[in-house]
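The values are calculated or read from the model by the stated rules, or taken from the named source; none is laboratory data. Computed from a predicted model, the values in this text were never measured in an experiment. Neighbour counts run over all protein chains shown; Cβ positions are idealised from the backbone, glycine included.
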Amino acid sequence: MKSNFRQGANAVIITFFAIIGSTVLLPMVIFNPSPSGHGNQYEKNKLAQTDPARGRQIYVREGCFYCHTQFTRLQDRGYGPLVQAGDYVDETPHVLGTARTGPDLTNEGGRFPSEWQKAHLINPRALKPGSIMPSFSYLSDRDMNDLVAYIQTLGNRRKVTELVEAPDEYTNKSTYGKELLARKHVDTKADASANAGRGIYTQNCAACHGLQGYGNGPNALSLEKKPANFTRPFYKQYSDEFWFYRVTEGVVGTRMPRFGEVLTEEQRWYLVAYLKTLPKEKEEVIDNVDQLNPVQQIKLPKLSHQQWEPASGGE
Ligand code: HEC
Ligand code: HEC
């Protein structure tokens, strides 16, 4: 009887150490990524007045990482280029964070002017009404300036082009991708394909993205996250595979549907051929309601007197 209890206890203890060993100890020993060259560069510049490395210590001291993460994942949108393990080799202690009470700060550097960052740290509500971020107005001038200098370095060595790389399932790098590309028979460079794509676009996409791809279709009015404006020069860097991937998987966190579920592969390749013809040289921004496609006013026929009062009889 007694030995049976001991067996159970032993099993529990062994399982516990097996889990700790395989998830904590083993990775510590065998996981040694080499520097990626894209980690943050926050060493002090000799001429600079501020010290980003010291700012980083203040970031840790004030517990910014309780609410802010510093890692972008494939499914994150709007947080900029993705990170690699090697980005963190020099980061001790790391400030990856776990909770996203506030937005991810991986690529925060340069997103706002330093004066904005400072004003926001002093009084978050002044710039973001309803923000629950605490005020850090008690920081000394030196602490504040160093902290802002640190924020401005975040992501300073990540190239934006890395954002524009289709996942392996869509490229020759995986068997699935190879099969997909082998099945592709649409010539995405041909005018005829673009023409075919145009029809599919008008049917499925124009309501949101607009007939000319300016992101100003009638549905755009009611969307919190506006449809993409394909005429931005930014889209010139998109490869066929990347266009295909974006159309197929939609955009998480927006109303952009996953067209992989709706359209055939062939139709999506035709769309790619058409989308590629849209990007233009000049940036055109929609920043007020008047620029949206006006909805045609419905014209009702003028009613005659008789139609007005059909049952009243007489004048
Ligand atoms: C209690 C949680 C919390 C803490 C602690 C916190 N923040 Fe925030 N932070 C937020 C929230 C929520 C937002 C989003 C609303 C806003 O912008 O104010 C935010 C927004 C931000 C932004 C703007 C990001 C963007 O791109 O819009 C920056 C920069 C920032 N915080 C930096 C810091 C720094 C630096 C610290 C530490 C000194 C810190 N935060 C501490 C919750 C927090
Ligand atoms: C219900 C509205 C809606 C419809 C319909 C729609 N989209 Fe979108 N689309 C969006 C929104 C919203 C986004 C997100 C924009 C953003 O992330 O800023 C988006 C984003 C995209 C993107 C990604 C752009 C980028 O920045 O990488 C592509 C590509 C795209 N749409 C293509 C299409 C195509 C092709 C169709 C038709 C087959 C279509 N969309 C139909 C709303 C729509």
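Which members of segment 110-121 meet the condition of being surrounded by 12 or more Cβ atoms within 10 Å (Cβ to Cβ) and in a loop (DSSP other than H, G, I, E, B)?
Gly110, Arg111, Phe112
Could you grab me the full set of residues in segment 146-191 that are modelled with pLDDT under 85 and not in a loop (DSSP other than H, G, I, E, B)?
Val160, Thr161, Glu162, Leu163, Asp168
Would you check if there is a residue in segment 69-82 being in contact (Cβ under 8 Å) with a residue 60 or more places away in the chain, β-branched (Val, Ile, Thr), under 25 Å from Glu165 (Cβ atoms) and crowded, with 19+ Cβ neighbours inside 10 Å?
So far as segment 69-82 goes, no, none of its residues is in contact (Cβ under 8 Å) with a residue 60 or more places away in the chain, β-branched (Val, Ile, Thr), under 25 Å from Glu165 (Cβ atoms) and crowded, with 19+ Cβ neighbours inside 10 Å.
Going by what's in this entry, would Asp143 be described as more than 16 Å from ligand 2 (Cβ to nearest atom), of a type in the set (Asp, Glu) and either without any contact (Cβ under 8 Å) to a residue 60 or more places away in the chain or in a helix (DSSP H, G or I) (or both)?
Judged against the criteria, Asp143 is a match.
For the structure I just gave you, tell me whether Gly215 is at positive phi and under 22 Å from the mean Cα position of the chain (by Cα).
yes
Check Tyr42 against each of (1) within 30 Å of Thr106 (Cα to Cα); (2) at pLDDT below 90; (3) surrounded by fewer than 15 Cβ atoms within 10 Å (Cβ to Cβ) and name the one condition it does not meet.
Unmet condition: (3).
Let's see how each residue does on (1) assigned to a helix (DSSP H, G or I); (2) free of Cβ contacts under 8 Å to residues at least 24 places away in the same chain; (3) within 18 Å of Gly260 (Cβ to Cβ); (4) of a type in the set (D, E, K, R):
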{"position": "Gln203", "(1), (2), (3), (4)": "yes, yes, yes, no"}
{"position": "Cys208", "(1), (2), (3), (4)": "yes, no, yes, no"}
{"position": "Asn216", "(1), (2), (3), (4)": "no, no, no, no"}
{"position": "Lys226", "(1), (2), (3), (4)": "no, no, no, yes"}
{"position": "Asn229", "(1), (2), (3), (4)": "no, no, no, no"}
{"position": "Lys236", "(1), (2), (3), (4)": "yes, no, no, yes"}
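Confirm whether Ala220 is in a helix (DSSP H, G or I), away from ligand 1 (no atom under 16 Å from the Cβ) and closer than 29 Å to Arg73 by Cα.
In short, yes.
Out of the residues in segment 122-142 that are near ligand 1 (Cβ under 6 Å from one of its atoms) and among the hydrophobic types (A, V, I, L, M, F, W, C), state the one that is surrounded by the fewest Cβ atoms within 10 Å (Cβ to Cβ).
Ile132
Being without any contact (Cβ under 8 Å) to a residue 12 or more places away in the chain and among the polar types (S, T, N, Q), is that true of even one residue in segment 158-168?
Checking segment 158-168: not a single residue is without any contact (Cβ under 8 Å) to a residue 12 or more places away in the chain and among the polar types (S, T, N, Q).
Would you confirm whether any residue within segment 57-67 is basic (Lys, Arg) and at pLDDT 90 or above?
yes
I'm trying to understand the selection: among the residues of segment 143-185, which are more than 20 Å from the chain's Cα centre (by Cα), among the β-branched types (Val, Ile, Thr) and surrounded by 15 or more Cβ atoms within 10 Å (Cβ to Cβ)?
The answer is Val148, Thr171.
Given Gly80, Gly55, Gly63, which one is within 16 Å of ligand 2 (Cβ to nearest atom), closer than 26 Å to Ser131 by Cα and not hydroxyl-bearing (Ser, Thr, Tyr)?
Only one candidate qualifies: Gly80.
Filter segment 122-136 for residues that are in a helix (DSSP H, G or I) and of a type in the set (A, V, I, L, M, F, W, C) and give the result.
Result: Ile122, Ala126, Leu127.
Would you be able to tell me the number of residues in segment 20-65 that are under 17 Å from Tyr150 (Cα atoms) and either small (Gly, Ala, Ser) or touching a residue at least 24 places away in the same chain (Cβ under 8 Å) (or both)?
Counting residues in segment 20-65 that are under 17 Å from Tyr150 (Cα atoms) and either small (Gly, Ala, Ser) or touching a residue at least 24 places away in the same chain (Cβ under 8 Å) (or both) gives 21.
Name the residue that is farthest from the chain's Cα centre (by Cα), counting only residues in segment 86-120 that are near ligand 1 (Cβ under 10 Å from one of its atoms) and farther than 30 Å from Gly37 by Cβ.
That would be His120.
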